[in-house]
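Student: Would you mind keeping the following structure in view while I ask a few things?
The values are calculated or read from the model by the stated rules, or taken from the named source; none is laboratory data. Just so it is clear, the structure is predicted and the values come from calculations on it, not from any experiment. Note that each Cβ is placed from the backbone with ideal geometry, even for glycine, and that neighbours are counted across all protein chains shown. The protein model used for the area step is the full one, side chains on, heavy atoms only, and it has no ligands, DNA or RNA in it. Shrake-Rupley method; radii C 1.70, N 1.55, O 1.52, S 1.80 Å.
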Amino acid sequence: LTLLHRQIHPNLVRDGRSSWQAFKPSERDELQLSVSCDTKASAQVAFERHVARRNPKGQNLKSFGVLSVLRVECQQVERAVVADPVADDDSHHVIDFRGLADLEVELVAQRLHAFAEARGWSHRAA
Amino acid sequence: LSQTVPSSRSELFARLHFEGRRFDDHALPLDLMGELLAYQQAVRAASRLVFLLENPHRRRVSFELFLSLGPVRGGSALPDINRLIVQEVRAGQQSLLPDDDDDDDKYGVLFARARDFISKLVHDGGESDLLRRSLGDRQHVGSASRAVVSAVSHFGQGLWEGETLGLRGPTSDGDDAKLTRDFGDAVRRLYGSDEESEQDETVAGTIRASNRDLNIYSLATPDGGRVPLEAPPLFFKQLTRSMLDDGSEVEVRGRATYRNGKLHRLLAFDVKAAVDGRFELRRAPDTVMSDQLATVGSLEDGWDDDAAKAPLGPTVSRAREVLTSLMSRHGLPCPFVYPTFDGAVRAEWPMRQVNAVLEVHADGTLKLILVQVRTGRGEQLNAANADEVADAVGRFVDEEGRA
């Protein structure tokens, strides 16, 4: 059972709970949700890699913490998980939301979020 | 069925003598137009008061005073104030009184007495036995005298430190009366006024439960005062029972309304009380939502460390308006409010039966998504106004209520 780790931006967290938008890919991401595969990077390693990166302004990226879903849970919502290694991160995968209508994207995001929330934070910023 | 209209005839009524360095160039700053308006209001109100005192059987007046600004003379800013002679016109008739009829100006003497009353009031630093007695009247005389107090309490507001405003009659060489910027405060101290002011502050006191079932409480303050304690919808329900016990010591942060300088009522944002030996804080849903919206409104483009757009001010304002309306109408709890990547504001209510999300977009349109927790089935409603989503929200609130 492989976990897929998702970095949660602090602006999407209140009182320790995240919004389901955290699992909703944007149009900009071409409806592919970035995650890190646990076989290549644990939640903590994925977190550390993320916050070590810099945005175009030269600032470190932010993450409140890591929520995780199982690959099998993605199958339950009929979403493919595809390896998509990038230069500084061989753990990078995407959960593919392409082909879904607007409402379906919301429903899948909500279910994935519910799976992850039930599991609790895999890693949190110190 | 009668009305008064100004004619083209006028007479010198008074001179307002502004003294101070600002007026050395013989010009009158526009900031001081309020003084001229306040003067007209004061003499108008005084003319009504004098008329009603002299005609106790009358409840209304059928005249009006119209003043106009004449030339500003040299020496300092000394504008002439002219009074326009009015004609009384009855419905359907041109004029009952010809322009050259002496009786045309039948209220001229009354207005002159009103002017002199105001000058004397200023000369005496706002003191007037007549005014004080009249304020006690519960009928139209009391109302007219309150109008005088209200008008003269605005005197001096446009003046700076060290400047004076002198009031002169048409035949006076010197000032009959002179006032400074403190005059309005003096009047308010002498007579009070119905003017209210509001500010956010924290008030400590003791809860007095007048009617717990109807959520009617007051706050007894340490100075012996007692003010009604108000709260946004549902807030009292969020407070623990012990917080609202009669005699509970609390600290309330909220919008304080002062009337005549005294705390008049308090709308609670937060209530803090010692419960079981430690302080507990409860915050009103509106306050929590406001704080979240303020955070969302302060974001800049790229808030997600990437290319996300920040919600613009009008979008945040629209979200505030819609969410406040929904919360108040359906008794919803405070949602989790956050930005979307494309500059919308999103509010999320995770509930037992239904998860609801409302998006407020930059173009003002709304998107409501309702998801059944048990089945995962959902529905989406795109709407142009809050009323359209309110019914759908009502349904989900009903489902939650049944659960």
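Student: Rounded to the nearest 10 degrees, what's the angle between the helix B:140-152 long axis and the longest principal axis of chain B, both from Cα atoms, 0 to 90?
Tutor: That helix lies at roughly 90 degrees to the long axis.
Student: Taking the Cα atoms only, what angle lies between the long axis of helix A:102-119 and the longest principal axis of chain A, rounded to 10 degrees?
Tutor: Relative to chain A, helix A:102-119 is tipped by roughly 60 degrees.
Student: Moving to a separate point now. Name the residues of the stretch B:365-379, by number, that are at least 10 Å² less accessible with every protein chain in place than in the isolated chain; the surface is that of heavy atoms, probe 1.4 Å, without ligands or nucleic acids.
Tutor: At a threshold of 10 Å² (probe 1.4 Å), the residues of the stretch B:365-379 that become less exposed are B:367, B:369, B:371, B:376, B:378.
Student: Rounded to the nearest 0.05, what FRET efficiency do residue A:27 and residue B:242 have when you use their Cβ-Cβ distance and R0 = 41 Å?
Tutor: After rounding to 0.05, the efficiency reads 0.20.
Student: Pairs to check: B:309/B:367; A:62/B:309; A:57/B:367; A:24/B:367; B:237/B:262. Give those whose C-alpha atoms are more than 23 Å from each other in this structure.
Tutor: A:57/B:367; B:237/B:262
Student: Give the ranking of B:312, A:31 by solvent-accessible surface, highest area first, calculated with a 1.4 Å probe.
Tutor: Per-residue accessible area, sorted high to low, gives B:312, A:31.
Student: Right, another one. Give me D for the stretch B:208-331 in µm² s⁻¹, whole number, from Stokes-Einstein with Rh from the Kirkwood sum over alpha-carbon pairs, 4 °C and 1.567 mPa s.
Tutor: Translational diffusion coefficient: 78 µm²/s.
Student: Please state the relative contact order of chain A as a whole percent: Cα pairs under 8 Å, 6+ residues apart?
Tutor: Across chain A, relative contact order equals 35 percent.
Student: Need one number: buried accessible surface between chains B and A, 1.4 Å probe, both sides summed, DNA, RNA and ligands left out, in Å² to 100.
Tutor: Interface area, both chains combined: 2300 Å², rounded to the nearest 100.
Student: What does the net charge come to around residue B:215 if you take all other residues with beta carbon closer than 12 Å to its beta carbon, with K and R at +1 and D and E at -1?
Tutor: 0
Student: A further question on this structure: Would you be so kind as to identify which of B:187, B:366, B:136 lies farthest towards the positive end of the dipole of chain B, taking Lys and Arg as +1 and Asp and Glu as -1 on Cβ and the Cα centre as origin?
Tutor: In chain B, that residue is B:136.
Student: Using unit Cβ charges (K, R positive; D, E negative) and no other charged atoms, how large, in debye to the nearest 20, is the dipole of chain B about its Cα centre?
Tutor: The calculation lands at about 1340 debye.
Student: Mean separation of Cα pairs under 8 Å and 6+ residues apart, divided by the residue count of the stretch B:298-383: what relative contact order is that in percent?
Tutor: 21
Student: Measuring with a 1.4 Å probe in the full set of protein chains, what accessible area per residue, in whole Å², belongs to the protein assembly as shown?
Tutor: Heavy-atom SASA per residue in the protein assembly as shown reads 50 Å².
Student: Still on this structure: If all Cα-Cα distances of chain B are sorted into 20 Å bins from 0 onward, what percent lands in each bin, rounded to whole numbers?
Tutor: 20, 33, 33, 13, 0
Student: Between residue B:385 and residue B:291, what FRET efficiency comes out of the Förster formula 1/(1 + (r/R0)^6) with R0 = 22 Å and r the beta carbon distance, rounded to 0.05?
Tutor: The value I calculate is 0.25.
Student: Sticking with this one: Kirkwood Rh, the protein assembly as shown, all Cα pairs: how many Å?
Tutor: The answer is 29.3 Å.
Student: Something else: Any idea how far apart residue B:216 and residue B:27 come out in nm if each label point goes 7 Å out from Cα toward Cβ?
Tutor: Reported label-point gap for residue B:216 and residue B:27 is 5.9 nm.
Student: Taking 2.2 N^0.38 Å as the expected size of a compact globular protein, what ratio does the Cα radius of gyration of the stretch A:83-126 give against it, to two decimals?
Tutor: Taking N as the residue count of the stretch A:83-126, the ratio is 1.49.
Student: Over the alpha-carbon set of the stretch A:1-106, divide Rg by the Kirkwood Rh and report the Rg/Rh ratio to two decimals.
Tutor: Using Cα coordinates only, the ratio equals 0.95.
Student: Relative to 2.2 N^0.38 Å, what does the C-alpha radius of gyration of the stretch B:233-284 come to as a ratio? Two decimals please.
Tutor: Here the answer is 1.22, to two decimals.
Student: Pop the C-beta distance of residue B:276 and residue B:377 into the FRET formula with R0 = 51 Å and round what comes out to the nearest 0.05.
Tutor: FRET efficiency, residue B:276 to residue B:377: 0.70.
Student: Length gain on complete extension for the stretch residue A:1 to residue A:102, per 0.36 nm per residue less the alpha carbon to alpha carbon distance?
Tutor: 33.4 nm
Student: Would you work out the charge dipole size for chain A about its Cα centre, treating the Cβ of every Lys and Arg as +1 and the Cβ of every Asp and Glu as -1, and quote it to the nearest 20 debye?
Tutor: Here the size comes out at about 500 debye.
Student: Per the 1.4 Å probe, what fraction of the accessible area of chain B, in percent, lies on carbon and sulfur atoms?
Tutor: 47
Student: GluC sites (Glu not before Pro), restricted to the stretch A:22-76: which are DSSP loop and have at most 15 other Cβ atoms within 10 Å?
Tutor: Taking the stretch A:22-76 and a limit of 15 other Cβ atoms within 10 Å, the loop GluC sites (Glu not before Pro) found are A:30.
Student: Nothing charged except the Cβ atoms of Lys and Arg (+1) and of Asp and Glu (-1): what's the magnitude of the dipole of the protein assembly as shown about its Cα centre? Round to the nearest 20 debye.
Tutor: Using only the charged Cβ atoms, the result is roughly 1400 debye.
Student: Please report, in whole Å³, the volume per residue of the convex hull around the C-alpha atoms of the stretch B:268-403.
Tutor: 144
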